[in-house]
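Peer 1: Have a look at this one.
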Amino acid sequence: MDTAMDAVVLDRDHAHEASGVVVVIDVLRAFTTGSLAVANGVPTIHLVADPADAFALRDAHPDVLLMGEEGGLPIDGFDLSNSPVELIASDVRGRELVHRTSSGTRAAVAAFAGADRLYCASLLSAVATAQAIGEDTPTYVVSGRSAERAAFDDGDDDLAVAEHIEALRLGRTPPADTSHRIITSPAAARLREIGVAEADIRCAATPVHGPTLMAARDDRGLRLTPVPPTWRPVADPR
Ligand SMILES: O=C(O)[C@H](CS(=O)(=O)O)OP(=O)(O)O
């Protein structure tokens, strides 16, 4: 994709081409909800591309909670939808989640194959993600942009967050309009159309500092865990 950034930016259809350090962005709503889940005590999020994979994981591990959506709407038999506001109100502490969404988790599963390190990010985790990436120039995957969604979405909410993270990573002032771009994005309009609560959109557009999520493979597939923060005091004596 052509963007104002030097970093490579891929849409979801090209996620499998990503290599090196990869940041998959889904601000509305997958990785906003994911970041809030770990902030609320979820130790691990298993990512799947298909609802059938989520049900299979629960059959094998009945203690997990299933979270996600199909076309933005709750999935019958899942415990939670893909809603950050619902997540905050739920008791998830200590529970492992299986997360399936139409754009975000599918993009992450596709991008993982070629990645040396993969982060799943949103505006909530922009600062933590920029810190975790460090000096490596990452490839960003704008998960909301794909041929499947071209008629109603250009992925601008995710691109805005990619630009925000990249500015932070380079020590520059991040754009002042990131939240505005999320709230006024085609993805937000689409969610409003299907009846998703405005609070979910506002939550995703609020730049609080949440944890970023790093992917690894285990015996259950792809899993996300929080990256420990690397904050240092300003006057570090070392
Ligand atoms: O639930 C969401 O916010 C979206 C639904 S869709 O992609 O617009 O159909 O999924 P996500 O994967 O979180 O972007």
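The values are calculated or read from the model by the stated rules, or taken from the named source; none is laboratory data. Values in this document were obtained by computation on a predicted structure and should not be read as measured data. All Cβ positions, even for glycine, are placed from backbone atoms using ideal geometry, and neighbour counts span all protein chains on display. The protein model used for the area step is the full one, side chains on, heavy atoms only, and it has no ligands, DNA or RNA in it. Shrake-Rupley method; radii C 1.70, N 1.55, O 1.52, S 1.80 Å.
Peer 1: What accessible surface, in Å², does a 1.4 Å probe find on Leu47, ignoring ligands, DNA and RNA and rounding to the nearest 10?
Peer 2: Here the accessible area works out near 10 Å².
Peer 1: Sticking with this structure for a sec: Only residues of the stretch 10-37 count here: report those whose backbone N is under 19 Å from the spot 7 Å along Cα→Cβ of Asp91, or say none.
Peer 2: Residues 37 qualify, since their backbone N sits under 19 Å from the label point.
Peer 1: When the gyration tensor of the stretch 117-238 is built from Cα positions, what are the square roots of 5 times its three eigenvalues, in whole Å, from largest to smallest?
Peer 2: For the stretch 117-238, the semi-axes come out at 27, 19, 14 Å.
Peer 1: Continuing with this model, one more query. Evaluate the stretch 61-177: find the radius of gyration of its Cα atoms, find its Kirkwood radius, and give the ratio Rg to Rh.
Peer 2: Here Rg/Rh amounts to 0.99.
Peer 1: A follow-up question, please. Starting from the Cα gyration tensor of the stretch 112-169, take the square roots of the eigenvalues, sort them a ≥ b ≥ c, and report rounded, prolate or oblate (rounded when a/c is under 1.5, otherwise prolate if a/b is larger than b/c, else oblate).
Peer 2: Judged from the Cα gyration tensor, the stretch 112-169 comes out oblate (a/c at least 1.5, b/c at or above a/b).
Peer 1: Testing the spin-label approximation: label points 7 Å from Cα along Cα→Cβ at Ile194 and Leu170. State their distance in nm.
Peer 2: 3.4 nm
Peer 1: Now, a different point. Roughly what % antiparallel, to the nearest 5, for the DSSP beta bridges in the chain?
Peer 2: The antiparallel fraction comes to roughly 35 percent.
Peer 1: In debye, nearest 20: dipole of the stretch 8-224 around its Cα centre with unit charges on the Cβ of K, R (+) and D, E (-)?
Peer 2: Result for the stretch 8-224 is approximately 400 debye, rounded to the nearest 20.
Peer 1: Okay, moving on. Report the dimensions of the stretch 182-226 along its three principal axes from the alpha-carbon atoms, largest first, rounded to Å.
Peer 2: Projected onto its principal axes, the Cα set of the stretch 182-226 covers 39, 24, 15 Å.
Peer 1: In whole percent, how big is the carbon plus sulfur part of the accessible area of the chain, probe 1.4 Å, protein atoms only? Before the final figure, lay out the partial values.
Peer 2: Details: 5350 of 10410 Å².
It is 51 percent, rounded to a whole number.
Peer 1: Per the helix-only calculation at 222 nm, which mean residue ellipticity applies to the chain, given -39500 (n - 2.57) for every DSSP H run of n ≥ 4 and division by its residues, nearest 500 deg cm²/dmol?
Peer 2: The helix contribution divided over the chain gives -9000 deg cm²/dmol.
Peer 1: Could you give the length gained by full extension between Ala147 and His180, i.e. 0.36 nm per residue of separation minus their alpha carbon distance, to one decimal place?
Peer 2: Here the segment from Ala147 to His180 would lengthen by 9.4 nm.
Peer 1: Can you work out the accessible area per residue across the chain, with the rest of the protein chains kept in place, probe 1.4 Å, in square angstrom?
Peer 2: 44 Å²
Peer 1: Along each principal axis of its Cα atoms, how long is the chain end to end? Whole angstroms, biggest number first, please.
Peer 2: Between the extreme Cα coordinates on each principal axis of the chain lie 48, 45, 34 Å.
Peer 1: Just how far, in whole angstrom, is the stretch 147-173 from the stretch 9-60 if you go by their alpha carbon centroids?
Peer 2: If we compute the Cα centre of each part, the gap is 17 Å.
Peer 1: While we're looking at this one, here's another question. Grab the beta carbon distance between Asp2 and Ala113, set R0 = 25 Å, and tell me the FRET efficiency rounded to 0.05. Before the final figure, lay out the partial values.
Peer 2: Working: r = 25 Å, r/R0 = 0.99.
Using R0 = 25 Å, I get an efficiency of 0.50.
Peer 1: Helices from the chain with mean Kyte-Doolittle at least 1.0 and a Cα length along the axis of 27 Å or more, per DSSP H: which?
Peer 2: Length and hydropathy pass: none found.
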